[in-house]
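Peer 1: One structure coming up, written as structure tokens, with questions to follow.
The values are calculated or read from the model by the stated rules, or taken from the named source; none is laboratory data. This structure is a prediction, so every number in the text was calculated from the model and none was measured. Cβ: placed from backbone, ideal geometry, glycine included. Neighbour counts: every protein chain shown.
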């Protein structure tokens, strides 16, 4: 069968044009993804620099960077930061609370031991022993009342919003801006790590808890649910190589999820257990 060279060349040309168009689209998509990533990194850098200046007390330098950030991100960091009073839970308050709690635990243990001895004793309990047990009970009650008083005092003296520094269960120390309760980060707020990472979302007792967005210094990002400072529930993790959308448990992919390539193409839909793909779904 003789092939018409005219049609053959036309078909070949059409395929070549199609390949060029496809390459152009894919290349543009990759460029757009890269530009978006660079844009996010630049915003993160501005935010981190501004927060760092703000923490150090260089308000003018911080405000200059906040203005640039606000103009690029259409955000209101200037308002968020400059309206926050500074409050740091005093070490003396924390030491008193910790000391009282430890003492209560010690006295309770001693009381349990006395009561167990009385229960197992073959001889009748003397009045002196009864008095000793009652004294312990009275002391525990008094310590509890003192502890509750200190806790109420801390609640009454800490502002609704402010700045707080504390050690994170992960990633080192945190400077926090936002809602406070009981001298800790509780509610909506922003955490800033010296590494350049940030978390914006809900907090509970100085831990990420609820919904929020964590951005690492290198631009990788997690947006979703947290429980006791760990990714837990539904969340989206975005990295240079692609993204994962699905369920998490104790900081690991666990449950049904979708893994996408950097181009946005679905790579796998499956079930994960402790960060390992165990089953592929159609």
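Peer 1: Is it the case that some residue within segment 215-230 is closer than 22 Å to residue 35 by Cα, modelled with pLDDT of 95 or more, under 13 Å from the mean Cα position of the chain (by Cα) and buried (at least 19 other Cβ atoms within 10 Å of the Cβ)?
Peer 2: yes
Peer 1: Still on this structure, I have one more. Has segment 26-46 got any residue that is modelled with pLDDT under 65, assigned to a helix (DSSP H, G or I) and in contact with a strand residue (DSSP E or B) (Cβ under 6 Å, 6 or more places away or on another chain)?
Peer 2: Checking segment 26-46: not a single residue is modelled with pLDDT under 65, assigned to a helix (DSSP H, G or I) and in contact with a strand residue (DSSP E or B) (Cβ under 6 Å, 6 or more places away or on another chain).
Peer 1: Any residue in segment 166-176 that is at pLDDT 75 or above and outside the structural domain of residue 199 (by TED's automatic domain parsing)?
Peer 2: Within segment 166-176, not a single residue is at pLDDT 75 or above and outside the structural domain of residue 199 (by TED's automatic domain parsing).
Peer 1: Only one of these is within 30 Å of residue 184 (Cα to Cα) and free of Cβ contacts under 8 Å to residues at least 60 places away in the same chain: 226, 244. Name it. Let's see the steps before the verdict.
Peer 2: On the way: 244 fails: within 30 Å of residue 184 (Cα to Cα).
Unique residue meeting the criteria: 226.
Listed here are the residues, each with its yes/no results for (1) farther than 20 Å from residue 223 by Cβ; (2) outside any strand (DSSP E or B); (3) assigned by TED's automatic domain parsing to the domain that holds residue 221.
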{"residue": "243", "(1), (2), (3)": "no, no, yes"}
{"residue": "248", "(1), (2), (3)": "no, no, yes"}
{"residue": "253", "(1), (2), (3)": "no, no, yes"}
{"residue": "259", "(1), (2), (3)": "no, no, yes"}
{"residue": "264", "(1), (2), (3)": "no, yes, yes"}
{"residue": "268", "(1), (2), (3)": "yes, no, yes"}
{"residue": "271", "(1), (2), (3)": "yes, no, yes"}
{"residue": "277", "(1), (2), (3)": "yes, no, yes"}
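Peer 1: Of 256, 188, which residue is surrounded by fewer than 17 Cβ atoms within 10 Å (Cβ to Cβ), at pLDDT below 90 and in contact with a strand residue (DSSP E or B) (Cβ under 7 Å, 6 or more places away or on another chain)?
Peer 2: Values: 256 fails: at pLDDT below 90.
Checking each option against the conditions leaves just 188.
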